[in-house]
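These notes concern the structure reproduced below.
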Amino acid sequence: MNQHKICAPARANSARRTLTRFGAIALVGAALSACNVAMGGGGGTTEGIGYRQARFAEMSAMKAWRDCRDQALALDRQARDAGLPARYLASAKALEACEANAGPEIAALNPEERMRAAAVASLNYLKGGDLERARTGFETFKRYFGGRDLHFVDGSSYNETMDMLLGLSEPQSMGALSVANVSPALKTELRRVRYWERH
């Protein structure tokens, strides 16, 4: 009888250990199956990788565009230092090539930077003496950037200045010229030209 009493707790402990092991195995199995559902079933990992790859492609394209733009702006600085029309034209062509080679990845990235580069390209064609390409570049600028405008350091409008310089907008009266948002120096020069055209 004493042997029976001593063996009974041992069997109970053995049964508890077995239940505990099965319980632990069941919990681990449930946890692993929950992980599989969260990872595999929702497709979150695949979408995350696709998003990161697309983002990396955008950043790489933007870096390549910026490197190209910086080289073109170096030509612009050389043109200003030397005052050579040919260098203005080279800078304008380089800026246009940067945009043409960029691809769709940067279409929505940093529109302000791209607007400034396009504006410099049009101005440099103008400074280089190629009025036709300056006009084409300016029309493309307005169409591509939806009529948005830039402002020079003195606050004058890039769009209105280019309209006046390219002869796309000629105010019929001196009052219209007075209210145009162009630099005072340009207004003075346009008034001088208009005076000598009439006298």
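In this structure, the amide hydrogen of Leu150, modeled 1.01 Å from its nitrogen in the peptide plane, lies closer than 5 angstrom to those of Tyr158, Asn159, counting only residues at least 5 positions away or on a different chain.
Karplus-based coupling profile of segment 75-90, in residue order and whole Hz: 5, 4, 5, 4, 4, 5, 5, 8, x, 9, x, 4, 6, 4, 5, 5, with θ = phi - 60° in 6.51 cos²θ - 1.76 cosθ + 1.60 and x standing for Gly or Pro.
In terms of the Cα gyration tensor, with a ≥ b ≥ c the square roots of its eigenvalues, is segment 54-148 rounded because a/c is under 1.5, prolate because a/b exceeds b/c, or oblate? The shape class here is oblate. Among residues other than Thr140 with Cβ under 11 Å from its Cβ, the summed charge is +1 (Lys and Arg +1, Asp and Glu -1). What does the net charge come to around Tyr158 if you take all other residues with beta carbon closer than 13 Å to its beta carbon, with K and R at +1 and D and E at -1? Residues near Tyr158 contribute -2 overall. Summing Lys and Arg as +1 and Asp and Glu as -1 over all other residues whose Cβ lies under 13 Å from the Cβ of Ile106 gives a net charge of -1.
Just so you know, all these numbers are worked out from the coordinates, no wet-lab data involved. What you see is a predicted model; the values in this text were computed from it and never measured. Counting neighbours? That spans all protein chains shown, and the Cβs are built from the backbone with ideal geometry, glycine included.
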